[in-house]
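Shown next, in structure tokens, is the structure this report addresses.
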Amino acid sequence: SNPAGMSIVGNASVDVEVTANNTASIPTAEFTNDKTAVGSLKITKKVTVNGGTANSDLVDGTYKFQVKNEAGDVVAEPEVTITNGAAKTVQVDNLKVGQYTVSEVTGNLGLGVALADSENTTVNVTENNVAGIPTAEFTNNKNVGSLKVKKNVTVNGVAVDAATKNLADGTYTFSITGTKGQTVADVTITITDGESNEVQVDNLIPDTYTVTETAILQA
């Protein structure tokens, strides 16, 4: 392989004819390489939840980018994988000296995740810039909220008492579906001694949700 920025000028292979006892006229395979000034850039990816610091798998995933030169040609398509919500930086090397535009491919973003700033960042790459590599920083935010499901139980339309409380006991199951097609895992509420109960469902993207009771399983 060639060093960074080095490319062959002309053919990469040359045919030479070797004859017997050719000490007076030894053929030469000649190659010319051209050195292009190159440098690097970095991409830092941060993801927040409700504008705060993320430290959970809510934002985990692979985020894709494009690096374009001044002519608008895509010269690199790096990816950044976020694990446990931790910010991560990747480095793109062997870029010719010049100005580059780094863009996030937003069509890859999950539900509720959006860019918190511009989707394009311009950086200047200088030759052999190991001491000062420019960084294109992107921050995405995932907005989430919560809802509660509450189960009230009566017997013959009357609040339970000491005599009837056991008649209301059982496990009650609910499904939750959003308008964007996202389905939350079934939620169950268990009633014991007739006491009404509720559960909270977190990490829902902002939307209108339909909560449906799907089954009543008496204890």
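The values are calculated or read from the model by the stated rules, or taken from the named source; none is laboratory data. Remember, predicted model here, so these are calculated numbers, not experimental data. No Cβ is skipped: glycine too gets one built from the backbone with ideal geometry, and neighbour counts run over all protein chains shown. Ligands, DNA and RNA are excluded from the accessible area calculation, which covers all protein heavy atoms including side chains. Shrake-Rupley method; radii C 1.70, N 1.55, O 1.52, S 1.80 Å.
How much area per residue is accessible in the range 128-219 when the probe is 1.4 Å and only protein heavy atoms are counted (Å²)? Let's see the in-between values first.
Working: 5420 Å² over 92 residues.
I get 59 Å² per residue for this part.
Electrostatic bookkeeping for G112 treats Lys and Arg as +1 and Asp and Glu as -1; over the other residues with beta carbon under 15 Å from its beta carbon, the sum is -2.
Taking the Cα centre as origin and putting +1 on Lys and Arg beta-carbons and -1 on Asp and Glu beta-carbons, what dipole magnitude results for the chain, to the nearest 20 debye? It would help to have the intermediate numbers written out before the result.
Details: 14 positive and 25 negative charges, 83 e Å.
In total the dipole reaches around 400 debye.
Taking every alpha-carbon pair under 8 Å whose residues sit at least 6 apart, the range 97-219 reaches a relative contact order of 25 percent.
Could you calculate the contour length gain from S196 to T23, that is, 0.36 nm times the residue separation minus the distance between their Cα atoms, to one decimal place in nm?
Contour length minus Cα-Cα distance gives 52.0 nm.
Pairs of Cα atoms nearer than 8 Å and 6+ residues apart set the relative contact order; for the chain it is 18 percent. Stretching D186 away from T122 to a fully extended chain increases their span by 18.5 nm, per 0.36 nm per residue minus the current alpha-carbon distance. Shown here: Kirkwood radius over Cα pairs in Å, derived from the displayed model; of the candidates [x] 21.3; [y] 17.1; [z] 23.2, it corresponds to [z]. Between A71 and T179, the contour length at 0.36 nm per residue exceeds the alpha carbon distance by 34.7 nm. Looking at V74, N166, T126, which one has the Cα that reaches farthest to the positive end of the dipole of the range 32-186 (charges on Cβ: Lys, Arg +1; Asp, Glu -1)? Checking the options against the dipole of the range 32-186, the answer is N166. On the protein heavy atoms, probe 1.4 angstrom, tell me the percent of accessible surface of the chain carried by carbon and sulfur. Within the chain, the accessible surface is 45 percent carbon and sulfur. With a simple spin-label model that places each label point 7 Å from the Cα along the Cα-to-Cβ direction, the separation between N152 and T214 comes to 2.5 nm.
If you place +1 on the Cβ of every Lys and Arg, -1 on the Cβ of every Asp and Glu, and leave all else neutral, what size is the dipole of the range 103-209 about its Cα centre, to the nearest 20 Debye? Could you put the intermediate results ahead of the total?
Values: 6 positive and 13 negative charges, 71 e Å.
So the magnitude is around 340 debye.
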